[in-house]
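Enquirer: Below are the structure tokens for one structure; questions will follow.
The values are calculated or read from the model by the stated rules, or taken from the named source; none is laboratory data. Treat the numbers as computed from the prediction; the structure is a model and nothing was measured. Note: ideal-geometry Cβ built from the backbone for every residue, glycine included; neighbour counts use all protein chains shown. With ligands, DNA and RNA removed, areas are computed over all heavy atoms of the protein, side chains included. Shrake-Rupley method; radii C 1.70, N 1.55, O 1.52, S 1.80 Å.
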Amino acid sequence: MFAALLLAPAASATHPLQTGLYLGSSSAVDNLAYTRARAAGTTIVRIPVVWSDIAPAAPSARFGATNPNDASYNWAALDAQVGLAVAHHLEPLLSIYHAPTWAEHGSGDKSTGAVGVSASALGDFATAIATRYDGTDGQPQVRYWGAWNEPNVNVYLSPQYAHGAPASPATYRTMLNTFAAAVHRINARNVVVAGDLSPFTVVRGATVTIGPLEFMRELLCMSVGDHPHATCNTKVDFDVWAHHPYTSGGPTHKAFNPNDVSLGDLPRMHALLDAAYAAGHIVSHGTPGFWVTEFSWDSSPPDPKGIPLALHARWTAEALYRMWQAGVDVVIWLQLYDDPFPADAAQAGLYFLPTASGAARPKPSLTSFTFPFVAYLASGGVSVWARTPWGRPGTVVVQRKVGSAWRSIATMRSDRFGIVQGKIAGQFTKKDWLRARVGGKTGIPFSLTQPPDRFVDPFGT
């Protein structure tokens with residue numbers, strides 16, 4: 001039997017874990033979607049900004065690229081999403097990518113919005129959009145600004161290589177520094193989010209991707225190795241480094257290629273980031289943050305190659321814990337709803353595909369995303385970790401399943417970020433199940449038996 005214990009917050013819980021959702025499709029411009037996003041315990045929403053959709057296709061000689069009130073700009077769709085986000089108490093992260101053809105240079109398919117992107121044109125657009133959402137001219141204030149998406153992939157930025165050597169890191173450095181200068185010029189407290197890198201080295205057909213650690217070292221002028229050192233004096237301007245750590249396994253799975261970064265490799269990326277900052281290569285307002293701006297697993301159903309629903313829920317909670325453990329402060333999940341199957345690839349929603357009326361059935365992972373809880377066998381007891389919905393301070397009750405009943409075994413106070421972690425003394429086995437409750441909400445039961453870290457296709461294809 002277990003007596004209920006009152007445990008104070010652990011002293012080592014020193015940083016927050018905010019969660020968010022990627023709302024990128026046109027169907028996301030919907031009040032119900034933002035209501036559901038907020039109810040999922042999130043505080044941030046990542047909104048993709050397709051530059052070519054807002055800018056004119058063929059600007060006139062009189063086009064004022066830095067002026068948000070130029071009649072050639074079309075802000076209507078983005079205004080709607082930003083307005084919905086703010087109305088639902090969600091901080092918008094506007095991630096800008098896909099240049100108009102007139103801002104591309106060099107050879108290649110200009111329809112991709114990725115070819116030889118003009119840094120000066122990007123800086124002009126950054127000035128316009130940051131001015132529009134500076135909070136002074138009838139639109140909400142936006143603080144978080146994403147500088148491109150997956151610039152280590154040729155679909156988003158090309159060329160990746162020139163004469164056999166990496167080319168995109170230097171191109172991105174110029175783009176990023178110009179972008180950051182513009183955004184910070186409008187408001188010095190604006191936060192520039194850089195990186196947003198794809199996790200894997202790819203040379204397959206027409207797709208070319210530089211491994212994220214190689215890209216990062218080239219961008220920040222740092223050496224290879226466990227103790228990276230400076231290789232030049234280049235400086236790069238940003239406030240947060242972001243990554244997309246998809247994995248072909250579970251929450252601790254590491255990538256095969258040494259330049260790749262899946263979930264289990266995040267500490268290596270964080271160490272490289274810290275080394276570059278210590279070397280003086282990063283210009284930021286304090287120590288740069290470390291975020292995950294896109295992550296998920298497809299579930300089965302609907303994708304037969306995805307993760308079974310029960311394991312999907314467990315891995316969702318574990319992923320949040322492992323990312324927090326690696327120093328990640330913000331995790332943005334892709335996505336709120338499944339896309340239609342099999343027509344579209346992404347089946348990673350916290351809800352199944354909505355019906356025509358808007359009704360949507362939640363997956364178990366919605367609960368574990370909103371209120372993640374994990375428990376692991378430890379010497380003399382069990383180690384537990386949880387994050388309250390929205391990261392609010394609170395008291396979490398940990399329960400153990402005894403027969404068909406649940407009995408409370410510990411009451412744990414969170415820190416100021418809603419993080420609960422500690423150890424509960426007692427005799428536990430792999431057959432035990434634990435769960436957590438906070439403010440009337442009950443989390444997904446967590447088995448102390450560790451499931452196999454089996455191979456999965458991170459993109460469910």
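Enquirer: Give the residues of region 149-179 that are out of contact with any Ser or Thr (no Cβ under 7 Å at 6 or more places or on another chain) and either free of Cβ contacts under 8 Å to residues at least 40 places away in the same chain or of a type in the set (Asp, Glu) (or both), sorted by residue number.
Expert: Correct list: Ala162, His163, Gly164, Ala165, Ala167.
Enquirer: Please find, among Ala77, Ala33, the residue that is part of a helix (DSSP H, G or I), more than 17 Å from Thr127 (Cα to Cα), touching a helix residue (DSSP H, G or I) at 6+ places or on another chain (Cβ under 9 Å) and open to solvent by less than 40 Å² (accessible area, probe 1.4 Å).
Expert: Values: Ala77 fails: open to solvent by less than 40 Å² (accessible area, probe 1.4 Å).
That would be Ala33, the only listed residue that is part of a helix (DSSP H, G or I), more than 17 Å from Thr127 (Cα to Cα), touching a helix residue (DSSP H, G or I) at 6+ places or on another chain (Cβ under 9 Å) and open to solvent by less than 40 Å² (accessible area, probe 1.4 Å).
Enquirer: Select from region 125-148 the residues that are under 20 Å from Asp239 (Cα atoms) and free of Cβ contacts under 8 Å to residues at least 60 places away in the same chain and list them in ascending order.
Expert: Result: Ala126, Tyr133, Asp134, Gln141, Arg143, Trp145, Trp148.
Enquirer: Whether any residue in region 107-115 is in a helix (DSSP H, G or I), without any contact (Cβ under 8 Å) to a residue 24 or more places away in the chain and over 18 Å from the mean Cα position of the chain (by Cα) is what I want to check. Before the answer, list the steps.
Expert: Residues of region 107-115 that are in a helix (DSSP H, G or I), as a first pass: 110-112.
Add one more test, that the residue is without any contact (Cβ under 8 Å) to a residue 24 or more places away in the chain, and what stays is 110-111.
Those left that are additionally over 18 Å from the mean Cα position of the chain (by Cα): 110-111.
Yes, the conditions are met somewhere in region 107-115.
Enquirer: Could you please find all residues in region 416-436 being in a loop (DSSP other than H, G, I, E, B) and either open to solvent by 20 Å² or more (accessible area, probe 1.4 Å) or among the hydrophobic types (A, V, I, L, M, F, W, C) (or both)? Step through it out loud before you land on a result.
Expert: Step one: list which residues in region 416-436 are in a loop (DSSP other than H, G, I, E, B), which gives 416-418, 426-432.
Within region 416-436, Arg416, Phe417, Gly426, Gln427, Phe428, Thr429, Lys430, Lys431 qualify.
Enquirer: Residue by residue through region 270-316, note down the ones that are closer than 22 Å to Gly443 by Cβ, touching a Gly at 6+ places or on another chain (Cβ under 8 Å) and in a helix (DSSP H, G or I).
Expert: His312, Trp315
Enquirer: Restricting attention to region 324-367, which residues are among the β-branched types (Val, Ile, Thr) and in contact (Cβ under 8 Å) with a residue 60 or more places away in the chain?
Expert: Val328, Val330, Val331, Ile332, Thr367 - these are the residues of region 324-367 that are among the β-branched types (Val, Ile, Thr) and in contact (Cβ under 8 Å) with a residue 60 or more places away in the chain.
Enquirer: Is it true that some residue in region 402-412 is in a loop (DSSP other than H, G, I, E, B), out of contact with any strand residue (DSSP E or B) (no Cβ under 8 Å at 6 or more places or on another chain) and open to solvent by 60 Å² or more (accessible area, probe 1.4 Å)?
Expert: So in region 402-412, the residues in a loop (DSSP other than H, G, I, E, B) come out as 403-404.
Next, only the ones that are out of contact with any strand residue (DSSP E or B) (no Cβ under 8 Å at 6 or more places or on another chain) stay: 403-404.
Then drop every residue that is not open to solvent by 60 Å² or more (accessible area, probe 1.4 Å), which leaves 403-404.
Checked region 402-412: at least one residue is in a loop (DSSP other than H, G, I, E, B), out of contact with any strand residue (DSSP E or B) (no Cβ under 8 Å at 6 or more places or on another chain) and open to solvent by 60 Å² or more (accessible area, probe 1.4 Å).
Enquirer: Determine whether Asn259 is in a loop (DSSP other than H, G, I, E, B), open to solvent by 10 Å² or more (accessible area, probe 1.4 Å) and modelled with pLDDT under 95. Steps first, please.
Expert: Working: in a loop (DSSP other than H, G, I, E, B): yes; open to solvent by 10 Å² or more (accessible area, probe 1.4 Å): yes; modelled with pLDDT under 95: no.
It is false that Asn259 is in a loop (DSSP other than H, G, I, E, B), open to solvent by 10 Å² or more (accessible area, probe 1.4 Å) and modelled with pLDDT under 95.
Enquirer: Looking at (1) buried (at least 20 other Cβ atoms within 10 Å of the Cβ); (2) in a loop (DSSP other than H, G, I, E, B), which one does Pro92 not meet, given that it meets all the others?
Expert: The single condition Pro92 does not satisfy is (2).
Enquirer: Any chance region 155-178 includes a residue that's charged (D, E, K, R), in a loop (DSSP other than H, G, I, E, B) and open to solvent by 10 Å² or more (accessible area, probe 1.4 Å)? Steps first, please.
Expert: From region 155-178, those charged (D, E, K, R) are 173; that's our starting set.
From what is left, the residues that are in a loop (DSSP other than H, G, I, E, B) are none.
Checked against the condition, which is being charged (D, E, K, R), in a loop (DSSP other than H, G, I, E, B) and open to solvent by 10 Å² or more (accessible area, probe 1.4 Å), region 155-178 yields no hits at all.
Enquirer: Does Thr355 fit the bill of being in contact with a Ser or Thr (Cβ under 8 Å, 6 or more places away or on another chain) and not acidic (Asp, Glu)? Give the steps one after another, and end with the answer.
Expert: On the way: in contact with a Ser or Thr (Cβ under 8 Å, 6 or more places away or on another chain): no; not acidic (Asp, Glu): yes.
Answer is no for this residue.
Enquirer: Under 7 Å between Cβ atoms, which residue pairs at least 6 apart in sequence (or on different chains) link something in region 264-293 that is over 28 Å from Leu21 (Cβ atoms) and open to solvent by less than 10 Å² (accessible area, probe 1.4 Å) with a partner that is part of a helix (DSSP H, G or I) and among the basic types (Lys, Arg)?
Expert: none
Enquirer: Do we have Gly394 as free of Cβ contacts under 8 Å to residues at least 60 places away in the same chain, open to solvent by less than 70 Å² (accessible area, probe 1.4 Å) and touching a strand residue (DSSP E or B) at 6+ places or on another chain (Cβ under 6 Å) here? Before you say what the answer is, go through the steps one by one.
Expert: Values: free of Cβ contacts under 8 Å to residues at least 60 places away in the same chain: yes; open to solvent by less than 70 Å² (accessible area, probe 1.4 Å): yes; touching a strand residue (DSSP E or B) at 6+ places or on another chain (Cβ under 6 Å): yes.
It is true that Gly394 is free of Cβ contacts under 8 Å to residues at least 60 places away in the same chain, open to solvent by less than 70 Å² (accessible area, probe 1.4 Å) and touching a strand residue (DSSP E or B) at 6+ places or on another chain (Cβ under 6 Å).
Enquirer: Strands (runs of 3 or more DSSP E) wholly in region 182-256 with at least 2 residues that are farther than 25 Å from Ala126 by Cβ - which ones?
Expert: Working: elements: 191-197, 202-204, 207-209, 240-243.
Answer list for region 182-256: 202-204, 207-209.
Enquirer: Pick out the one residue from Ser52, Ser27 that is at pLDDT 95 or above, over 30 Å from Phe428 (Cβ atoms), over 18 Å from the mean Cα position of the chain (by Cα) and not in a strand (DSSP E or B). So that I can check it myself, show each step before the final result.
Expert: Numbers: Ser27 fails: at pLDDT 95 or above.
Testing whether each residue is at pLDDT 95 or above, over 30 Å from Phe428 (Cβ atoms), over 18 Å from the mean Cα position of the chain (by Cα) and not in a strand (DSSP E or B) leaves just Ser52.
Enquirer: OK, next. Are any of the residues in region 358-376 open to solvent by 40 Å² or more (accessible area, probe 1.4 Å), within 25 Å of Asp196 (Cβ to Cβ) and not aromatic (Phe, Trp, Tyr)? Before the answer, list the steps.
Expert: First, the residues of region 358-376 that are open to solvent by 40 Å² or more (accessible area, probe 1.4 Å): 359, 361-362, 364, 367.
Still in the list and also within 25 Å of Asp196 (Cβ to Cβ): none.
The answer is no, given that none of the residues of region 358-376 is open to solvent by 40 Å² or more (accessible area, probe 1.4 Å), within 25 Å of Asp196 (Cβ to Cβ) and not aromatic (Phe, Trp, Tyr).
Enquirer: Could you list, in sequence order, all residues of region 36-60 that are of a type in the set (D, E, K, R) and open to solvent by 10 Å² or more (accessible area, probe 1.4 Å)? Walk me through it before giving the result.
Expert: Step one: filter region 36-60 for residues of a type in the set (D, E, K, R), giving 36, 38, 46, 53.
Passing the criteria: Arg36, Arg38, Asp53.
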